[in-house]
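The values are calculated or read from the model by the stated rules, or taken from the named source; none is laboratory data. Model, not experiment: these values are computed from the prediction. Positions of Cβ are generated from backbone atoms using ideal geometry, with glycine treated the same way; all protein chains shown enter the neighbour counts. When the accessible area is computed, the model is the full protein with side chains, heavy atoms only, and any ligands, DNA or RNA have been set aside. Shrake-Rupley method; radii C 1.70, N 1.55, O 1.52, S 1.80 Å.
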Amino acid sequence: IQQLGGKATVEQLTQTCGIPDAAVMRNALTLQEKKLLAIHASVQNIVELTSEAQTYAKNGLPERKLVSAVQELGGKADLKTAAQKADLPSEFTQIALGWAIRKKWAKLDSKTNTLELAADGAAEGCDETLLQHLSKHPQAVLDDLSRDLQQTVDQLKKRKLLTVEPKTTRTIQITPEGKQALAEGV
């Protein structure tokens, strides 16, 4: 710990010392009882993609694929034709349609079952930005994300595209008594 600046996480100590984290914690607890070390715990919510979301990060969300297909078909197309062009399985067509409409990327004429793109196009959404970020960085700390992306986490969690798990990080720090013991060569 002294070599690491007087303060280190359990992960840093296991890498530096080459001993398992359970052994690090046992020794740290013993030294904490002797008031030579202090152990601090902090909980962070870790955001990760599900396997389905990893596929979407690579190939695009169903609604993006649907809107892109409509765009390729001239900006207006029969829903069934657009879904086939987008290579969407039938069970994802309604999901993609719902999200495209909710995001105001397109409008559906229910009489003719025709999908028409919005005049202002389909700008990349925060959900796509977050998926791309997490595909490059497999884990993110929820509190480190911008406010918009934090709100997007809730949305993607409801879609079962993200998991948010609490992770406890333990930091071990040398106390003044520990520094004195080191100075005395204990």
For a Förster distance of 45 Å, can you work out the FRET efficiency between the beta-carbons of SER146 and LEU29, rounded to the nearest 0.05? 0.75
Histogram of C-alpha separations across the stretch 1-66, 5 Å bin width, %: 3, 13, 17, 16, 9, 7, 7, 8, 8, 7, 4, 2, 0
Stick to Cα atoms and the Kirkwood definition of Rh, then tell me Rg/Rh for the stretch 1-110. 1.43
Measure off, as a whole percent, the carbon and sulfur share of the 1.4 Å-probe accessible area of the stretch 47-163, all protein chains present. 47
The chain: C-alpha pair distances exceeding 28 Å, %: 49
Charges on Cβ only, +1 for Lys and Arg, -1 for Asp and Glu, centred on the Cα centroid of the stretch 1-160; of PRO62, LEU36, PRO20, which one is farthest towards the dipole's positive end? LEU36
Residue-span extension gain [ASP78 to GLN180] - 0.36 nm each, minus C-alpha spacing: 28.9 nm
Counting all C-alpha pairs of the stretch 97-184, share separated by more than 16 Å (%): 68
How large is the accessible surface per residue of the chain, computed with a 1.4 Å probe and reported in Å² as a whole number? 62
